[in-house]
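The values are calculated or read from the model by the stated rules, or taken from the named source; none is laboratory data. As the structure is a computational prediction, the values presented were derived from the model and not from experiment. As a convention, Cβ positions derive from the backbone with ideal geometry for all residues, glycine included, and neighbour counts pool all protein chains shown. Accessible surface is based on the protein model in full, side chains and every heavy atom, while ligands, DNA and RNA are left aside. Shrake-Rupley method; radii C 1.70, N 1.55, O 1.52, S 1.80 Å.
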Amino acid sequence: MSPEVPQDKVPGDATPREEETSAAKPSTGAQETSEPQVADAEKTQTVDAAEESTDDKAPADGAETPAADSADAEALAAAERRREAREEALSAGPVADATKGKTKRPKREKDTTPAPSGTGAASVSTTPSGTETPARSGSSKGRKAVAIASGTLLVLATAAAAVGDRVWPSAQHEAMPVPAVELAAGDSVFSCAPTVHRVGNDAPTDRAYAPGAAAAASSIKAIAVGDNAQRLPGAALLAPGDKNLKTLSPDLPAEKAAEEAVRATDGFSGVKSSLASGITQNDAAWLRVQPLGGLRSQAAAIRTISQSGGDLAGLAAPSCTAPSNSTVLTGASTTVGHTAVLTVTNPSKNAAGVTVEVRTPDGVATTGAVLPFTLGGGETRTINLGGTARDSEAVTAVVESSGAAVGASINQSILRGTTPGGIDVIQGTAGPGLTQTLPGIQLQDQAASKAVGVSENAGEQTPQVQITDFSGQGTTAELVALGGDGKETSVAKDIKVPASGVASVGVSSLPAGSYTFVVRAEDSVVAGARVLRGTDPAKPRDVAYVQAAEQLSTDQLVAVPSVGDATLRLTAPTGAGKVSVVPIGQDGVSGPAKVIQLGAGTSQSIKVTDLGKPAALRLSGSGGETYASLLTTQGEAGIASTVVPRMQDAPSSARVNLTP
């Protein structure tokens with residue numbers, strides 16, 4: 001009777017666990033030591049699938065040595081049983097004390113059999129008598145090597161999958177907190193568009209039709225606001241090539257400017273401003289202002305264009321605005337007698353890659369499309385939009401840049417035969433949205449507007465609103481007019497705006513008066529309005545373009561035009577709100593604040609002269625949504641709309657959260 005063989009049982013497996021012999025190590029003749037069976041699921045163990053099974057006692061004499069193929073199958077079966085055992089052990093969780101319950105394997109005799117040539121490792125099998133003999137070479141040996149490698153990879157892959165969640169963190173872990181990083185505030189920069197120029201410089205042969213000046217006369221006013229410690233930031237108006245046109249106040253030393261201060265050295269506090277006006281510069285310019293106390297300084301500038309004669313007669317008062325990487329300009333026209341020139345200025349020292357997309361009632365214009373171009377630091381490029389949008393009554397330009405931010409505007413001029421029809425500078429409108437608010441719309445008697453708006457050589461030019469689709473699929477919109485008392489009048493419903501195109505809506509049904517226009521659409525749109533002034537068809541008339549406004553923030557500054565009668569238009573279209581207005585005098589001293597209460601849907605007009613003779617107005621909105629614009633008139637026909645510019649974004653710190 002054969003002696004009893006001790007068996008190391010695997011849970012759920014009736015076959016005894018068999019002794020394993022490594023086939024991966026080269027035979028070195030070193031004595032192999034017994035290895036404990038580790039049950040710790042936190043450790044990844046390399047399982048040698050090449051070990052062959054044996055009993056701790058040899059079977060009876062006369063037993064036959066198993067065939068090689070049978071040994072291969074048994075090795076794979078043993079590896080599979082060990083894999084299943086390890087899966088069960090891992091699923092049961094880690095063992096509290098991995099040093100307990102270990103079973104030592106019998107010591108093996110030192111392998112003195114040389115490795116077969118070319119194999120690089122010794123493959124051995126154990127005979128029933130306990131002696132080790134080299135494994136068979138040839139195809140059987142190759143099959144065995146493949147089986148061993150396959151078994152090893154299978155067990156390793158299974159073990160890695162079982163402990164994977166403990167080795168690699170889950171993607172659902174919480175974000176790792178990262179401290180906020182302080183960002184140094186940069187200079188405040190405001191880009192001033194060039195004045196309106198006449199297209200073509202050829203002088204006429206008949207002096208009776210002389211076009212007048214090649215450029216409308218203009219001047220720039222700039223103002224920089226200090227901090228509560230009565231410090232003035234360094235501020236200067238610059239031209240291309242960093243030419244200094246005017247220094248408003250000298251730069252403070254960097255260390256002093258970076259200090260945070262709430263009162264002056266004498267203990268007093270208060271805000272002072274530096275300003276300059278009457279600066280002559282018809283080409284592009286920009287105001288650059290030093291930061292104080294780690295924050296951008298508040299500042300503003302405006303170009304006032306006033307031309308009394310010639311083809312470019314009229315009034316315009318565009319604000320100098322912060323450069324942007326995306327600007328939408330709407331309201332232009334290129335019909336007979338109408339000239340629209342896009343100007344793009346790069347006020348930085350870095351280059352900008354610029355793209356221009358022109359939209360018309362037919363969608364995006366592709367014929368004569370403006371090719372992308374690079375604009376170097378301090379450079380300005382002008383583009384006649386008539387080459388892309390030919391004979392179009394409604395034109396929107398989308399200017400985008402990569403790299404440096406740029407300033408963009410459209411110089412619009414109109415000539416009715418030989419009679420000037422007005423000039424203006426179209427500035428960026430509020431970003432695309434479902435609702436667009438246009439404050440400060442001034443309509444005159446519609447019969448008079450129609451009489452001066454119709455011209456044999458310039459077609460019909462009447463007040464209207466232009467709506468541009470930004471959904472790319474077309475949309476439906478509604479236009480309403482809010483009176484000063486909050487009364488809402490529907491101007492047009494179910495306005496069909498073509499995909500990426502422009503729709504024009506006449507407003508001749510409204511009586512003369514002051515309004516706030518509100519556009520409500522099913523998808524994102526932008527909007528702008530065109531208004532006229534002048535009643536005598538034989539005399540010059542003027543045109544103004546009112547852009548959809550951004551909601552007032554808690555601190556905005558707008559410079560007042562140097563000529564004409566300016567009126568501040570305030571509105572709260574959705575709910576009650578209030579606006580604080582602080583005038584800044586010509587001497588840079590701030591006057592007392594005036595708080596304007598606005599009922600829901602109502603508007604108010606404040607003559608700037610009622611606040612003294614301010615050079616600028618500092619505005620702060622609170623409560624419900626509030627909006628503002630400046631409307632300036634001059635003489636019998638002059639009219640201009642001024643955008644209230646927003647401050648440049650100036651985060652003092654930024655937090656970055658990383659997730660695995």
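Consider the stretch 566-604. How many of its residues are surrounded by fewer than 20 Cβ atoms within 10 Å (Cβ to Cβ), of a type in the set (Ser, Thr, Tyr) and at pLDDT 95 or above?
Qualifying residue count for the region: 2.
With (1) closer than 27 Å to residue 590 by Cβ; (2) open to solvent by less than 10 Å² (accessible area, probe 1.4 Å) as the list, and residue 329 as the residue in question, which single condition is left unmet?
All conditions are met except number (1).
Looking only at the stretch 279-296, which residues are at pLDDT 95 or above, touching a strand residue (DSSP E or B) at 6+ places or on another chain (Cβ under 6 Å) and part of a loop (DSSP other than H, G, I, E, B)?
284
What is the residue count in the stretch 203-226 for residues that are surrounded by 19 or more Cβ atoms within 10 Å (Cβ to Cβ), more than 20 Å from residue 645 (Cβ to Cβ) and at pLDDT 85 or above?
0
Please indicate, with yes or no, whether at least one residue in the stretch 189-202 is over 20 Å from residue 304 (Cβ atoms), touching a strand residue (DSSP E or B) at 6+ places or on another chain (Cβ under 8 Å), open to solvent by less than 70 Å² (accessible area, probe 1.4 Å) and modelled with pLDDT of 90 or more.
yes
Kindly establish whether residue 319 is open to solvent by 40 Å² or more (accessible area, probe 1.4 Å), modelled with pLDDT of 95 or more and not hydrophobic (A, V, I, L, M, F, W, C). Walk me through how you get there before you give the answer.
Details: open to solvent by 40 Å² or more (accessible area, probe 1.4 Å): no; modelled with pLDDT of 95 or more: yes; not hydrophobic (A, V, I, L, M, F, W, C): yes.
So residue 319 fails the test.
Name every residue in the stretch 354-388 that is assigned to a strand (DSSP E or B) and open to solvent by 30 Å² or more (accessible area, probe 1.4 Å), in order of residue number.
Step one: list which residues in the stretch 354-388 are assigned to a strand (DSSP E or B), which gives 354-360, 363-364, 373-375, 380-384.
Residues satisfying the conditions are 355, 357, 364, 374, 380, 381, 382, 384.
So which residues in the stretch 229-258 are part of a loop (DSSP other than H, G, I, E, B) and either crowded, with 16+ Cβ neighbours inside 10 Å or modelled with pLDDT of 90 or more (or both)? Please lay out each step first, then the result.
Of the residues in the stretch 229-258, the ones part of a loop (DSSP other than H, G, I, E, B) are 230-234, 240-242, 250-253.
Across the stretch 229-258, the qualifying residues are 230, 231, 232, 233, 234, 240, 250, 251, 252, 253.
Just one of the numbered conditions (1) in a strand (DSSP E or B); (2) touching a residue at least 24 places away in the same chain (Cβ under 8 Å); (3) open to solvent by 10 Å² or more (accessible area, probe 1.4 Å); (4) touching a Gly at 6+ places or on another chain (Cβ under 8 Å) is not true of residue 496; which one?
Going through the list (1) in a strand (DSSP E or B); (2) touching a residue at least 24 places away in the same chain (Cβ under 8 Å); (3) open to solvent by 10 Å² or more (accessible area, probe 1.4 Å); (4) touching a Gly at 6+ places or on another chain (Cβ under 8 Å), residue 496 breaks only (2).
Just a yes or no: is a residue in the stretch 516-533 aliphatic (A, V, I, L, M) and surrounded by fewer than 22 Cβ atoms within 10 Å (Cβ to Cβ)?
First, pick out the residues of the stretch 516-533 that are aliphatic (A, V, I, L, M): 518-519, 521, 525-527, 529, 531-532.
Then keep just the ones that are surrounded by fewer than 22 Cβ atoms within 10 Å (Cβ to Cβ); that gives none.
Scanning the stretch 516-533, I find no residue that is aliphatic (A, V, I, L, M) and surrounded by fewer than 22 Cβ atoms within 10 Å (Cβ to Cβ), so the answer is no.
Looking only at the stretch 425-445, how many residues end up being modelled with pLDDT of 95 or more, part of a strand (DSSP E or B) and open to solvent by 20 Å² or more (accessible area, probe 1.4 Å)?
2
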